[in-house]
Amino acid sequence: MSPRLRLSLMGRVFAVCGMPGSGKGEFAQVLSNNDIPVRSMGDMVREEVARRELDVAPEVFGIVAADLRREFGDDVLAVRLIAAVGELLKENSIVLIDGLRGTAEYDVFKSTWGEAFQSVAIVTEKKIRFARMAARGRSEDGGTATFEARDKREKGWGLESLIDSADVQLENNLDLVHFQDEIRTWLNALM
């Protein structure tokens, strides 16, 4: 079987990355609304926080994510996600991974799916990201200090490099309707 035919039979995996509050969740929602299955790396951390029965405070999520990486390696979430995504690829031509944050995770996905894997970066101005996070009210968001700490932590995992080298970059500095239209335009071109 030719590599191209095998690639088309296997399906495609996309992973969305972006700084906190950039719009990764909105991107994932548009794809989900178009019957594309989504697996969230952030949900994996939230599940770990619940499993450990920790108080839900903004700094807890970052601590748990860092603990997992320290204990099991920077690629822990990616390694844990591969089998689930592989199962979804058996019945879906596209699967989205929401929340790619580190170069180690990217390396796992690229080595697993090769040319069938691509990254999508959501690029948003810092002040807009902060305002959106303040408005959305997630338990992991917190205030200015938490926002800055989160940016610093995720940059330390290689997130800026992932954004800069992404296969696709979508800008999200305008309103939600405009961003959703941009996503749908990208998705339609993909199909």
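The values are calculated or read from the model by the stated rules, or taken from the named source; none is laboratory data. Just so it is clear, the structure is predicted and the values come from calculations on it, not from any experiment. Glycine also receives a Cβ, built like all others from the backbone with ideal geometry; neighbour counts cover every protein chain displayed. Heads up: the accessible areas ignore ligands, DNA and RNA and are worked out on the full protein's heavy atoms, side chains in. Shrake-Rupley method; radii C 1.70, N 1.55, O 1.52, S 1.80 Å.
Looking at the structure I just gave you, is Ala66 part of a helix (DSSP H, G or I) and either hydroxyl-bearing (Ser, Thr, Tyr) or surrounded by fewer than 17 Cβ atoms within 10 Å (Cβ to Cβ) (or both)? When the stated conditions are applied, Ala66 passes them. Asn92 fulfils the conditions (1) over 15 Å from the mean Cα position of the chain (by Cα); (2) at pLDDT below 95 except for a single criterion, (2).
Residue-wise test of (1) in a helix (DSSP H, G or I); (2) buried (at least 17 other Cβ atoms within 10 Å of the Cβ).
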| site | (1), (2) |
| --- | --- |
| Val56 | no, no |
| Phe61 | yes, yes |
| Asp74 | no, yes |
| Ala104 | yes, yes |
| Asp107 | yes, no |
| Ser111 | yes, no |
| Ile128 | yes, no |
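Pairing residues of segment 163-191 that are under 19 Å from Lys127 (Cα atoms) and in a loop (DSSP other than H, G, I, E, B) with residues that are open to solvent by less than 90 Å² (accessible area, probe 1.4 Å) and of a type in the set (Phe, Trp, Tyr), at Cβ distances under 9 Å and at least 6 apart in sequence or on separate chains, gives Asn172/Phe27; Asn172/Phe179; Asn173/Phe179. Here Thr124 does not qualify as polar (S, T, N, Q) and open to solvent by 30 Å² or more (accessible area, probe 1.4 Å).
Being in contact with a Lys or Arg (Cβ under 8 Å, 6 or more places away or on another chain), open to solvent by 20 Å² or more (accessible area, probe 1.4 Å), not in a strand (DSSP E or B) and not hydroxyl-bearing (Ser, Thr, Tyr) is a description that does not apply to Ala50.
Reported count of residues in segment 8-24, each being open to solvent by 10 Å² or more (accessible area, probe 1.4 Å) and out of contact with any Ser or Thr (no Cβ under 8 Å at 6 or more places or on another chain), is 4.
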